[in-house]
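This report concerns only the one structure given below.
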Amino acid sequence: MKKNAEITIQPLMEQSIAIINDTNGPFPIIGKILPSFSNGVWSYEEELYDTPSEIRFPDDKLDWSAYIDSSEKIVLLAFREDACVGQIRLVKDWNRFAYIENIAVKKDFRKSGVGHLLLEAAETWAKKQSLIGLSLEAQNDNLIACRFYVKEGFVLGGVDTLKQSANAEIDITLYWYKLF
């Protein structure tokens, strides 16, 4: 699909299923988003932590073959030579957005443009599906990811204080949108 130096973006194929979780690594937690709603518009401030930490999500265990050759969902992988260095997983949502179920870039490739290329490819896929934008959710303590979404043109469109009630580590779920 797209090429940047030696990075290529390709749809998931059967032979890549075994390496799809290679992009799942730890990421830093340096602070959180403090959202507020006024006059119909969401805004936020950042609160930096005195002591940053690191977190890693568990590997996804999905029926990956359901994402291959589907018109309803897709996994796009970023490769440098034969190594999978990033992924984005999308599904058509009921609201005509392409919902980003996951985006991940290997630690050594962050801030190198891989995430941008994945979002470009996601936007191309979504437009071919006649969708109106991209959407995703993030926890408010994933400040670095939230900054990335804003840089890529996403806006905060909503907040949920109850979604993660069973998870004492997470305060707020943030909903981000990019309209085409």
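Pairing residues of segment 96-109 that are without any contact (Cβ under 8 Å) to a residue 12 or more places away in the chain and within 12 Å of Lys73 (Cα to Cα) with residues that are assigned to a strand (DSSP E or B) and open to solvent by less than 70 Å² (accessible area, probe 1.4 Å), at Cβ distances under 9 Å and at least 6 apart in sequence or on separate chains, gives no pairs at all.
Test Leu131 against the criterion of being touching a residue at least 12 places away in the same chain (Cβ under 8 Å) and either assigned to a strand (DSSP E or B) or within 14 Å of the chain's Cα centre (by Cα) (or both), and give yes or no. Here the answer is no, as Leu131 does not meet what is asked. The set of residues from segment 8-26 being outside any helix (DSSP H, G or I) and at pLDDT 95 or above comprises Thr8, Ile9, Gln10, Pro11, Leu12, Met13.
Scanning segment 71-83 for residues that are under 14 Å from Ser112 (Cβ atoms) and open to solvent by 10 Å² or more (accessible area, probe 1.4 Å) gives Phe79, Arg80, Ala83.
Kindly establish whether Gly86 is open to solvent by less than 40 Å² (accessible area, probe 1.4 Å) and outside any strand (DSSP E or B). Against the criterion (open to solvent by less than 40 Å² (accessible area, probe 1.4 Å) and outside any strand (DSSP E or B)), Gly86 does not qualify. Restricting Trp94, Trp176, Trp125 to those that are open to solvent by less than 30 Å² (accessible area, probe 1.4 Å), aromatic (Phe, Trp, Tyr) and out of contact with any helix residue (DSSP H, G or I) (no Cβ under 9 Å at 6 or more places or on another chain) reduces the list to Trp125. Against the list (1) assigned to a loop (DSSP other than H, G, I, E, B); (2) open to solvent by 60 Å² or more (accessible area, probe 1.4 Å), the condition Asp60 fails is (2).
The values are calculated or read from the model by the stated rules, or taken from the named source; none is laboratory data. In this text, all values refer to a predicted model and were calculated from it rather than measured experimentally. Cβ atoms come from the backbone with ideal geometry, glycine included; neighbour counts cover every protein chain shown. When the accessible area is computed, the model is the full protein with side chains, heavy atoms only, and any ligands, DNA or RNA have been set aside. Shrake-Rupley method; radii C 1.70, N 1.55, O 1.52, S 1.80 Å.
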